[in-house]
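So the structure is just underneath, and the comments pick up after that.
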């Protein structure tokens, strides 16, 4: 849930919930993705937790799909 990821650096309970979900997922052989990664601090925590994939404003702002096909 995005609200958990957004607050990883400020909310101990969010950190506990996310780390538990990641651990559980890994035991089941599942990949994990963090949405709403909006700054470097959150990205560092996500990496430390071993989350497989990340997306959010930290990497790129949303773009118009047609921008990729112009030229």
Range of Cα positions in the range 2-69 per principal axis (Å), largest first: 41, 29, 17
Contact order relative to length for the chain, counting C-alpha pairs under 8 Å separated by 6 or more residues, stands in percent at 29
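Where a number appears in this text, it was derived from the coordinates with a stated rule and is not lab data. All values derive from a computational prediction rather than experimental measurement.
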